[in-house]
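A.B. asks: Can you keep this structure in mind? I'll have questions shortly.
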Amino acid sequence: MKKQQSKSPLNKVCLTLLYLFPVILYFSYYPILLLPLNSDSMHLELSLPLIWLVVFTVISIVLLIKIRRPHNPSKKILFSLLFFPIYLSLSIFWSKNPLRAVLTVGILWCLYISIYAIVVIFTTIKRFDKEKFLKFFLFGSLGVCLFCWLQCILDIFGVPRELTLLCRGCTSQMFGFPHPSGFAIEPQFMGNLLIVPSLLSLYLLFSHNHSPKSTFPKRLSLLLSSVFISTLFLTFSRGAIYSFLVATIFLLIINLIKKNHHYLISLPIIVICFIFTLVSQGVFSQLSYTNDTFLSGIDKTVSQLSLGIINPGFSRPNPGNAEPEPSSDVPEDPGENLSVFSGYVEESTDIRLNLNSLALSAIASPEQAIFGFGLGSAGTILFEQGKIASKLEIIQNEYFSLLLETGILGLTLAALSLVIIIYVVKKSFALPERFLLYSIFLAFLLSLNFFSGLPNALHIYLFTAFVCIMLPRSLHSSRS
């Protein structure tokens, strides 16, 4: 199908929204608009990404109606992707929290429509500039990374977190050094946001399409990947770090099998970025307003990231080590300039594992195991069974949350959707681009073991669609 050349105002608005969104995604919590509605089971608020998603969905629907013959390689395959959202929509009728279920389904359908529009419409519009979009994405990510480092620098000099926008568990008083949350609600989401730019910049670094006049020559790609990876380590989010490392190892193994040995350079890049960040955390500890030192900062970092397996022993004993995992609810005054934690925080792992166990124990019948309790009802069910203290608490694992809310059937349909997407990617992209997308899938699938929900994780679904329109399509796909 020949590319559309429509110059309608609606097309221009849609293109503008698309160019801006990779940057808007980073503002997943700041600024935030609290809605004047009461709910004891969820926070009712609007963020910039959510507002963008609704507006873009409405415009996309209009554009899809106007396009008579959208590029569609396999209508049957794409139609089968609708089984999962249709089932989740039906689960509203037996949900114990219908309001949360309706809002979640609304976001889910907006995601489906927007992703379809992004992949279909913008591969058919000639005026869409992939290189311009890539610039917005990568340089926008670079700006947010620089802000993260600024957050840390301001914190060690005692600037209040109301100005730095750090979450309560992100300040130096927790570990002796700060770990940035950017414009997200927590560091784990900020770190997760950096997975795609980190993998994409490495792809650009090792692609064979570089030239002296290229927008992203190797030196610039190396600089960008170094900043993204270092900032990802700086967030101190184990979920994001582990997911990124596993995805990178996957890419490395695949490239070695294909005899692309140049990808081995990614190892020293990652190691150097980790050492740089480790040293930075030591310096932040030395300069912070706590009694921590350069060596204690390094010790705590290694201990926490290794789940307590590696303890260099540089840090002094800290009586505050028995406090719970740092979060938005952690108090900020441990007293006597002592940081709260002296190393690996076992509670940070135990709490998540315990919530997973509670989700499994809540299922008491075959019917509940197959169909679940209905979308959005995890917190309500666990609260009513006396397993948690508040309906606001969530299961910090998307898979266990889906199992409790949608049952085995919901998980099966989700897995089926993933298989279909992998099949479409295989048919649409050449090997290097295909492997990049597979690595992104792998990273996000792993990261979903550390949190659940949609509002703060829109990037998981939309970043992948963005990468699809930035990457060159295979010749086979272009003929379809």
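A.B. asks: Please go through the range 375-427 and pick out each residue that is over 28 Å from ARG238 (Cα atoms) and touching a Pro at 6+ places or on another chain (Cβ under 8 Å).
C.D. replies: Hits for the range 375-427 are VAL424, LYS427.
A.B. asks: While we're on this one: Say we look at the range 217-239 and pick out the residues that are in contact with a His (Cβ under 7 Å, 6 or more places away or on another chain) and open to solvent by 30 Å² or more (accessible area, probe 1.4 Å); which of these is farthest from ALA443 (Cα to Cα)? I'd like the intermediate steps shown before the answer.
C.D. replies: The first filter runs over the range 217-239 and keeps only residues in contact with a His (Cβ under 7 Å, 6 or more places away or on another chain), leaving 217-218, 234-236.
Now restrict to residues that are open to solvent by 30 Å² or more (accessible area, probe 1.4 Å): 217-218.
Working: PRO217: 26, LYS218: 24 Å.
Per the criteria, the residue is PRO217.
A.B. asks: What are the residues in the range 384-414 that are outside any loop (DSSP other than H, G, I, E, B) and open to solvent by 50 Å² or more (accessible area, probe 1.4 Å), if any?
C.D. replies: Start the filter on the range 384-414 by keeping residues that are outside any loop (DSSP other than H, G, I, E, B), which leaves 384, 398-414.
Answer for the range 384-414, where residues must be outside any loop (DSSP other than H, G, I, E, B) and open to solvent by 50 Å² or more (accessible area, probe 1.4 Å): GLU384, TYR399, PHE400, ILE408, LEU409, LEU411, THR412.
A.B. asks: A further question follows. Search the range 110-142 for residues being touching a helix residue (DSSP H, G or I) at 6+ places or on another chain (Cβ under 9 Å) and outside any helix (DSSP H, G or I), and hand back the single one that is nearest to LEU278 (Cα to Cα).
C.D. replies: If we take residues in the range 110-142 being touching a helix residue (DSSP H, G or I) at 6+ places or on another chain (Cβ under 9 Å) and outside any helix (DSSP H, G or I), then ASP129 is nearest to LEU278 (Cα to Cα).
Yes/no per residue for (1) in a helix (DSSP H, G or I); (2) modelled with pLDDT of 85 or more; (3) surrounded by 18 or more Cβ atoms within 10 Å (Cβ to Cβ):
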residue: VAL13; (1), (2), (3): yes, no, no
residue: PRO22; (1), (2), (3): yes, no, yes
residue: SER39; (1), (2), (3): no, no, no
residue: THR57; (1), (2), (3): yes, yes, yes
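A.B. asks: Out of all the residues in the range 157-198, which are more than 26 Å from PRO455 (Cβ to Cβ), open to solvent by 10 Å² or more (accessible area, probe 1.4 Å) and in a helix (DSSP H, G or I)?
C.D. replies: GLN173, the sole residue that qualifies.
A.B. asks: Tell me, yes or no, whether the range 282-299 has at least one residue that is of a type in the set (Asp, Glu), open to solvent by less than 60 Å² (accessible area, probe 1.4 Å), more than 24 Å from PHE139 (Cα to Cα) and part of a helix (DSSP H, G or I).
C.D. replies: Just the residues of the range 282-299 that are of a type in the set (Asp, Glu), to begin with: 292, 299.
Within this subset, residues satisfying the condition of being open to solvent by less than 60 Å² (accessible area, probe 1.4 Å) are 292, 299.
Now drop any that are not more than 24 Å from PHE139 (Cα to Cα), which leaves 292, 299.
From what's left, part of a helix (DSSP H, G or I): 299.
Yes: one or more hits.
A.B. asks: So the check is Cβ under 6 Å with 6+ separation or different chains; which pairs have a first residue in the range 220-247 that's outside any helix (DSSP H, G or I) and a second one that's of a type in the set (A, V, I, L, M)?
C.D. replies: THR235/MET190
A.B. asks: Oh, and also: Please name all residue pairs, on different chains or six or more residues apart, with Cβ atoms under 6 Å, provided the first residue is in the range 93-110 and is open to solvent by less than 30 Å² (accessible area, probe 1.4 Å) and the second residue is in a helix (DSSP H, G or I).
C.D. replies: SER95/ALA101; ASN97/THR380; ALA101/ILE92; VAL105/LEU88; VAL105/SER89; LEU108/PRO85; CYS110/LEU53; CYS110/THR57
A.B. asks: Give me the pairs, please: first residue somewhere in the range 273-302 and over 19 Å from ARG238 (Cα atoms) and charged (D, E, K, R), second residue anywhere and assigned to a helix (DSSP H, G or I) and open to solvent by 60 Å² or more (accessible area, probe 1.4 Å), beta-carbon distance under 9 Å, and either six or more positions apart or on two chains.
C.D. replies: Final answer for the pair search is ASP292/GLN286.
A.B. asks: Which one of these does LEU382 not meet: (1) without any contact (Cβ under 8 Å) to a residue 60 or more places away in the chain; (2) closer than 29 Å to THR464 by Cα?
C.D. replies: Checking LEU382 against (1) without any contact (Cβ under 8 Å) to a residue 60 or more places away in the chain; (2) closer than 29 Å to THR464 by Cα, the one that fails is (2).
A.B. asks: Restricting to the range 338-352, name every residue that is within 24 Å of the chain's Cα centre (by Cα) and assigned to a loop (DSSP other than H, G, I, E, B).
C.D. replies: TYR344, VAL345
A.B. asks: Identify the residue in the range 250-275 that is surrounded by fewer than 15 Cβ atoms within 10 Å (Cβ to Cβ) and under 24 Å from the mean Cα position of the chain (by Cα) and, among all such residues, is nearest to GLY176 (Cα to Cα). Show your work before the answer.
C.D. replies: Initially, the range 250-275 is screened for residues surrounded by fewer than 15 Cβ atoms within 10 Å (Cβ to Cβ), giving 253, 256-259, 261-262, 264-265, 267-268, 271-272, 275.
Within this subset, residues satisfying the condition of being under 24 Å from the mean Cα position of the chain (by Cα) are 253, 267, 271-272, 275.
Numbers: ILE253: 37, LEU267: 29, VAL271: 23, ILE272: 23, ILE275: 18 Å.
Per the stated criteria, the residue is ILE275.
A.B. asks: Here is a further query. Looking only at the range 353-381, count how many residues are closer than 17 Å to ASN449 by Cα and open to solvent by 60 Å² or more (accessible area, probe 1.4 Å).
C.D. replies: Residues meeting the conditions: 4.
A.B. asks: Specify which of the listed residues (ASP350, ASP329) is open to solvent by 70 Å² or more (accessible area, probe 1.4 Å), at pLDDT 80 or above and not basic (Lys, Arg). I'd like the intermediate steps shown before the answer.
C.D. replies: Details: ASP329 fails: at pLDDT 80 or above.
Just one listed residue meets the conditions, ASP350.
A.B. asks: In this structure, is ILE115 open to solvent by less than 60 Å² (accessible area, probe 1.4 Å) and out of contact with any Ser or Thr (no Cβ under 6 Å at 6 or more places or on another chain)?
C.D. replies: Values: open to solvent by less than 60 Å² (accessible area, probe 1.4 Å): yes; out of contact with any Ser or Thr (no Cβ under 6 Å at 6 or more places or on another chain): yes.
Judged against the criteria, ILE115 is a match.
A.B. asks: Looking at (1) among the small types (Gly, Ala, Ser); (2) in contact (Cβ under 8 Å) with a residue 60 or more places away in the chain; (3) in contact with a helix residue (DSSP H, G or I) (Cβ under 8 Å, 6 or more places away or on another chain), can you tell me which one GLY191 breaks?
C.D. replies: So the condition that GLY191 fails would be (2).
A.B. asks: Only one of CYS167, CYS145, CYS152 is within 18 Å of PHE276 (Cβ to Cβ), touching a residue at least 24 places away in the same chain (Cβ under 8 Å) and under 18 Å from the mean Cα position of the chain (by Cα); which?
C.D. replies: Values: CYS167 fails: within 18 Å of PHE276 (Cβ to Cβ); CYS152 fails: under 18 Å from the mean Cα position of the chain (by Cα).
One residue alone meets the criteria, CYS145.
The values are calculated or read from the model by the stated rules, or taken from the named source; none is laboratory data. Given the structure is predicted, the values throughout are model-derived calculations rather than measurements. All Cβ positions, even for glycine, are placed from backbone atoms using ideal geometry, and neighbour counts span all protein chains on display. Side chains are part of the model used for accessible areas, which takes the heavy atoms of the whole protein and leaves out ligands, DNA and RNA. Shrake-Rupley method; radii C 1.70, N 1.55, O 1.52, S 1.80 Å.
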